[in-house]
1. Out of the residues in the stretch 216-273 that are part of a loop (DSSP other than H, G, I, E, B) and among the hydrophobic types (A, V, I, L, M, F, W, C), which is surrounded by the most Cβ atoms within 10 Å (Cβ to Cβ)?
2. Answer yes or no: is there a residue in the stretch 273-293 that is out of contact with any Ser or Thr (no Cβ under 9 Å at 6 or more places or on another chain) and either more than 27 Å from Tyr235 (Cα to Cα) or of a type in the set (Ser, Thr, Tyr) (or both).
3. For the stretch 105-147, which residues satisfy the criterion of being outside any strand (DSSP E or B), over 20 Å from Arg336 (Cα atoms) and over 23 Å from the mean Cα position of the chain (by Cα)?
4. Checking Ile176 against (1) under 27 Å from the mean Cα position of the chain (by Cα); (2) assigned by TED's automatic domain parsing to the domain that holds Trp282; (3) surrounded by 20 or more Cβ atoms within 10 Å (Cβ to Cβ), which single condition isn't satisfied?
5. Could you list, in sequence order, the residues of the stretch 274-323 that are touching a strand residue (DSSP E or B) at 6+ places or on another chain (Cβ under 7 Å), in a loop (DSSP other than H, G, I, E, B) and either buried (at least 20 other Cβ atoms within 10 Å of the Cβ) or not assigned by TED's automatic domain parsing to the domain that holds Ser179 (or both)?
6. Could you tell me how many of the residues in the stretch 201-212 are at pLDDT below 95 and exposed (fewer than 13 other Cβ atoms within 10 Å of the Cβ)?
7. For the stretch 10-58, enumerate the residues that are part of a helix (DSSP H, G or I) and either among the basic types (Lys, Arg) or outside the structural domain of Pro348 (by TED's automatic domain parsing) (or both).
Amino acid sequence: VMRMSDELWDVVVIGSGIIGTCAAYHAAKEGLRTLKIDQAAWIPIVKDTYEQIEELEKIRDEKLWLNTGLLWMGSESYVNKLGKTIGDAGCDHEILDHKQINDRFPLFTYGSEWKGLYDPKGGVILADKWMWAFHNEFLRHGGAYIDWIKITKIEEGDTITLHSQYYDPIRCKRMIVASGSWINELVPSLNVKSKNIALSVCYWKPKEERDSSLVSPDRMPVFIIDDQFDGGRGYFGIPTVDYPGAIKFGEHGGDIFEAGKEPESHEKIFVERPREHLKKFWPLIESEEPFRVDHCKYTMSPDGAYLIDYLGDNKNIVLCSMLSGTGFKCAPALGRIVNDMVQGKEPPFDISIFRANRFQKPFAQ
């Protein structure tokens, strides 16, 4: 049994995923006594993430992402709207017609109704390296970490007390909750219900070995597809990084599950629909059966945007959850934001669109 009831931490972060780890890193970096615990308007945020990753790469002399470029594809209206948003933010990009898409990326055979937007700054996150880099820097700045502890109750007050099943209570002045799908169980007063989704992440290989070079990170971008021509389905993918010779290509959608429980089954439709898209537009890919299917979990908010806010009137408790599939990509910036908030500082970016009050009766009375 660990006796921690005599300790008073400046900040406790519940959740050691990428958001919690980045938040803990920023707190420890500022000299706050920080404990991280666990059981077993986006463009400025994205820009800040790029800057932090570039800084961390220099500090650690380690590559943390691959600059492959990012290709968005969809209807003309979709791409034009996207281009205006990115252009207004001063980001470099190119608008491509279907011939330019197919010529630049020979894997594709899209028709004239398709348009593309190419972002040269897009790329592939090396996720495990991000986690370890921020975690190790957190420890280097004096942070403490314990796992195999499940918080069962949060006792609010000027001093926050965290209760668990086997450990002594943990006390702290401030707290960040970045617990992913456990948010509603940990904070029952929160009247915004998350929707937890398990995605079927499919991997596919070229039909012929000679075409393997076309799916390498130096020939193929990261891609996001908004297929308004087939029910508005969204697809995503990356070149061959996770598994040799295999691209990632899947649908933005999946099976609903409860926190702490794995989905009882995975709907075949989330494999079948990506397969049909590949058959139609990617003829060089073997689309009969995926090479491999992994599963990835999203915690969604009702409107698909982040939830970042204080817990009711408690300015010493900050919630960061329901990141709806894009949180990892922006984790360094989100970690900085919630660390500033929990210290009573003004966040570096306008996050009003992520506040809980955008939902009716955000907190139970």
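1. To start, the set of residues in the stretch 216-273 that are part of a loop (DSSP other than H, G, I, E, B) comprises 216-221, 231-232, 244-245, 252-253, 258-268.
Add one more test, that the residue is among the hydrophobic types (A, V, I, L, M, F, W, C), and what stays is 220, 259.
Values: Met220: 22, Ala259: 16.
Going through the qualifying residues, I end up with Met220.
2. yes
3. Phe105, Pro106, Leu107, Phe108, Thr109, Tyr110, Gly111, Ser112, Glu113, Trp114
4. (2)
5. Kept after step one, since they are touching a strand residue (DSSP E or B) at 6+ places or on another chain (Cβ under 7 Å), are these residues of the stretch 274-323: 274, 277-278, 284-287, 290-301, 307-312, 316-323.
Pick out the ones that are also in a loop (DSSP other than H, G, I, E, B) and you get 284, 286-287, 290-291, 301, 312, 322-323.
Leu284, Glu286, Ser287, Pro290, Phe291, Ser301, Met322, Leu323 - these are the residues of the stretch 274-323 that are touching a strand residue (DSSP E or B) at 6+ places or on another chain (Cβ under 7 Å), in a loop (DSSP other than H, G, I, E, B) and either buried (at least 20 other Cβ atoms within 10 Å of the Cβ) or not assigned by TED's automatic domain parsing to the domain that holds Ser179 (or both).
6. 2
7. The initial filter retains those residues of the stretch 10-58 that are part of a helix (DSSP H, G or I), namely 18-29, 42-58.
If the condition is that a residue be part of a helix (DSSP H, G or I) and either among the basic types (Lys, Arg) or outside the structural domain of Pro348 (by TED's automatic domain parsing) (or both), then Lys29, Lys47, Lys58 are the ones that fit.
The values are calculated or read from the model by the stated rules, or taken from the named source; none is laboratory data. As the structure is a computational prediction, the values presented were derived from the model and not from experiment. Methodologically, a virtual Cβ is constructed for each residue, glycine included, from the backbone with ideal geometry; neighbour enumeration extends over all protein chains shown.
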